[in-house]
Amino acid sequence: MFIRFRGEFNRPGYVKWFIDDVVLHSDTSVLHIESDPVLPSQFTLHQNYPNPFNPLTKIGIGVPEQSQVKVTVYDLMGREVKMLFFGQLEPGYRHVVWNGKDEKGLDVSSGVYFVVMEGRGVSQSFRDMKKMMLLK
């Protein structure tokens, strides 16, 4: 499906919007157009999805400022299974994917795992953990 969306500024304070063949008229005093992307106000580690998962799961993270970020998977015994990301990130929302493999590329067994996100920016630090379940 393809949807065409465009707008025209015909005169000051007035916008004409086109969505496919539909024309919408708007007074700019009631229409707010946000030009900047929405940025997180704090570090965020979202619950993975799907959970339980097999074979992949997606983990959402939010970074409020340029930061050093580390995302790691641990087993129930607290042993590091896989470092998913380590590096500098700009502010924004993104996600990392875990494919149920360890650092050697071997499939891990079914069970409970923990994803830990650590972040260190200029004005704040962060550490959070979420529980994930891999079912085979």
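The values are calculated or read from the model by the stated rules, or taken from the named source; none is laboratory data. Note that the structure is a prediction, hence the values are computed from the model and not measured. Neighbour counts are summed over all protein chains in view; Cβ atoms, including those assigned to glycine, are modelled from backbone coordinates with ideal geometry. Quick note on the areas: whole protein, heavy atoms, side chains included, nothing else; ligands and nucleic acids left out. Shrake-Rupley method; radii C 1.70, N 1.55, O 1.52, S 1.80 Å.
Points to keep in mind about this one:
- Listed residues VAL122, VAL108, GLY62: farthest to the positive end of the dipole of region 30-136 (Cβ charges): VAL108
- Simple point charges give the picture: +1 on the Cβ of Lys and Arg, -1 on the Cβ of Asp and Glu, and for region 35-84 a dipole about the Cα centre of about 200 debye.
- Nearest-0.05 FRET efficiency for GLN66 and ASP107, computed from C-beta distance (R0 30 Å): 0.25
- THR44 versus ARG94: modelled label distance in nm, points set 7 Å from Cα along the beta carbon direction: 1.6
- Surface exposure of region 47-136, expressed per residue as accessible area with a 1.4 Å probe, stands at 58 Å².
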